[in-house]
Amino acid sequence: MAQQFSLQYQNLWIQQLKEIMRARTRKEMPLAMVHTYGCQQNVADSEKIEGMLQEMGFGFTKDPKEADLILFNTCAVREHAEDRVFGNVGALKNIKRRNPQLIIALCGCMMEQEHVAKRIRESFPYVDLVFGTHVIHRFPELLFHCLTDHHRVFSRGDDSEDREIMEGLPVRRDGKVKAWLTIMYGCDNFCSYCVVPYVRGRERSRTPEAVIKEFQELVQSGYKDITLLGQNVNSYGKNPDCGLNFAGLLKKLDEIPGDYRIRFMTSHPKDCTHELLDVMANGTHIAHHLHLPFQSGNDRVLKEMNRHYNRTQYLELIHYAKKVMPDLSLTSDVIVGFPGETYPEFLDTVSLIEEVGFTSLFTFIYSPRVGTRAASLPDPISAEEKSKWFQELCKKQEEIAAVHSAKKVGSVERVLVEEEQKKPFLLSGRTGGNIIVDFPGSRELCGTFQNVRVTKARNWILEGKII
Ligand code: SAH
Ligand code: SF4
């Protein structure tokens, strides 16, 4: 199943593209602007695309006006994200008019959808290249054809490609402290509201050998905060060539010596086992942070969402996790206004967040997605009403987070220093629980772990002093 990305084969295109781009732009180093929408998985994909662009001789810019190639890596999870992409692609029209040599490429989840590809084809004639999530490794080849055949290229790959894994793609990582490491692709859960299984293909895991090798390289290169990524990391290892489940993989990674921290996201409650929570509790490098999306606190809504757990089961997991890790920081995703949800059912979500005490929440208003089951359900509650519920939930979570932060005052936290802020001698870092802490210190400390005493809580950000 896992195929090695053949650099030799793609190198053919990469080497020719180097020459083509130099001649086309009359620049030693043409510039690319890559803009990423959506989740960390997209961020990780963009790092691979930038890795390939780098091999083609590109440098990078954030200014669209000086770019020779602009690529948007898009997100299809909610309508709002899609609207932003269409708006921003629309804004490229003038830039392309002023610079007709500019190459405009779109990729990612949105491009896997037939209706989106059709709209791009018909309404955005200045977009040169469109490709989906399954053919990222063929980007050099697609770009080559686009430039040499002088016509627009649209590619979503063939049906088998949504089951493949490509190993060995070059990666251009952003920063030297935090790294993303994809351990599995796709999703088979088909939650009734979610478009991900349709645009990211079937669930498939990288082999433990491939993951462990990349992890070791990251530790050796000095990365301090490594996040294992996947749509549902805790169902890792279902394909027969794996031989390890997620708890087993995490344990093996934790045994690798070094000064670093491991995180993972996202986890599905139905696949979250006591075994996994025990591995976290007994680990040396594993952050005591669990992102465990519950989506709704009401059993009827959970069933309609096709989530395969109920409120009691979710709370039992949380109870066990807190028992084995009393310092655990919990975060989650929630959807407000699922079709047919009533106000009393929504209040079950509010009471669940009170009961759990999340450090922070990602809150979303339900957004109908073409092709999903929920999109055909009756949805009688108005957008205004849903927005009121949403505000109510956010206000409650702010109160919970403030209480949570206030409890931290006086404690000593092990903080990974990430960056110096705009103000000199003011640093910013994160605790194992993923809470931001600001404190005075010299920028040489970036990339090191420091013990910081928390002196003040500002909503969800803490302030402190190195001890
Ligand atoms: N695989 C991850 C996350 C996938 S998408 C998981 O299962 O947790 C990230 C979040 O977006 C989801 O957890 C959900 O809360 C939200 N989401 C997905 N589809 C949505 C939709 N149609 N409307 C609103 N929110 C949605
Ligand atoms: Fe979407 Fe559910 Fe899969 Fe997460 S687990 S990606 S919410 S279908």
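Just name the residue that is surrounded by the fewest Cβ atoms within 10 Å (Cβ to Cβ) out of those in segment 203-255 that are in a strand (DSSP E or B) and not β-branched (V, I, T).
Within segment 203-255, the match that is surrounded by the fewest Cβ atoms within 10 Å (Cβ to Cβ) is R204.
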| task | Using the structure shown, decide if T273 is in the same structural domain as P208 (by TED's automatic domain parsing) and open to solvent by 30 Å² or more (accessible area, probe 1.4 Å). | result | yes
| field | Close pairs (6 angstrom Cβ cut-off, 6 or more residues apart or separate chains): in the same structural domain as K48 (by TED's automatic domain parsing) in segment 175-204, open to solvent by less than 10 Å² (accessible area, probe 1.4 Å) and within 13 Å of ligand 1 (Cβ to nearest atom) anywhere | value | none
| query | For segment 1-87, which strands (runs of 3 or more DSSP E) that fit wholly inside it have 2 or more residues that are open to solvent by 60 Å² or more (accessible area, probe 1.4 Å) and at pLDDT below 95? | reply | 2-4
| query | Does E444 count as under 28 Å from the mean Cα position of the chain (by Cα) and open to solvent by 40 Å² or more (accessible area, probe 1.4 Å)? | reply | no
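Each row is one residue, and each column tells you yes or no for (1) at pLDDT 95 or above; (2) surrounded by fewer than 18 Cβ atoms within 10 Å (Cβ to Cβ); (3) within 16 Å of ligand 2 (Cβ to nearest atom).
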{"position": "I353", "(1), (2), (3)": "yes, no, no"}
{"position": "G357", "(1), (2), (3)": "yes, yes, no"}
{"position": "F364", "(1), (2), (3)": "yes, yes, yes"}
{"position": "V370", "(1), (2), (3)": "no, yes, yes"}
{"position": "S382", "(1), (2), (3)": "yes, yes, no"}
{"position": "K388", "(1), (2), (3)": "yes, yes, no"}
{"position": "Q391", "(1), (2), (3)": "yes, yes, no"}
{"position": "A401", "(1), (2), (3)": "no, no, no"}
{"position": "K407", "(1), (2), (3)": "no, yes, no"}
| query | How many residues does segment 256-273 contain that are aliphatic (A, V, I, L, M) and either within 15 Å of ligand 1 (Cβ to nearest atom) or not in a loop (DSSP other than H, G, I, E, B) (or both)? | reply | 2
| Just wondering, is there one or more residues in segment 159-172 that are within 16 Å of ligand 2 (Cβ to nearest atom), part of a strand (DSSP E or B) and on the phi < 0 side of the Ramachandran plot? | no
| remark: Taking segment 173-195 and keeping only residues that are among the aromatic types (F, W, Y), within 16 Å of ligand 2 (Cβ to nearest atom) and buried (at least 19 other Cβ atoms within 10 Å of the Cβ), one is left with Y185, Y193
| task | Just need a number here: residues in segment 329-352 that are touching a strand residue (DSSP E or B) at 6+ places or on another chain (Cβ under 7 Å) and within 19 Å of L290 (Cα to Cα). | result | 8
| message | Return the pair list, or none, for Cβ contacts closer than 7 Å from residues in segment 289-316 that are closer than 27 Å to D225 by Cβ to residues that are open to solvent by 50 Å² or more (accessible area, probe 1.4 Å) and away from ligand 2 (no atom under 16 Å from the Cβ), at least 6 apart or on different chains. | response | H289/N434
| request: Those residues that are outside any loop (DSSP other than H, G, I, E, B), open to solvent by less than 50 Å² (accessible area, probe 1.4 Å) and farther than 14 Å from V334 by Cα, I need them from segment 298-319; list them, please. | output: L315, L317, I318
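The values are calculated or read from the model by the stated rules, or taken from the named source; none is laboratory data. These numbers were taken from a predicted model, which means no experiment stands behind them. For neighbour counting, all protein chains shown are included, and Cβ atoms are generated from backbone atoms with ideal geometry for every residue, glycine included. With ligands, DNA and RNA removed, areas are computed over all heavy atoms of the protein, side chains included. Shrake-Rupley method; radii C 1.70, N 1.55, O 1.52, S 1.80 Å.
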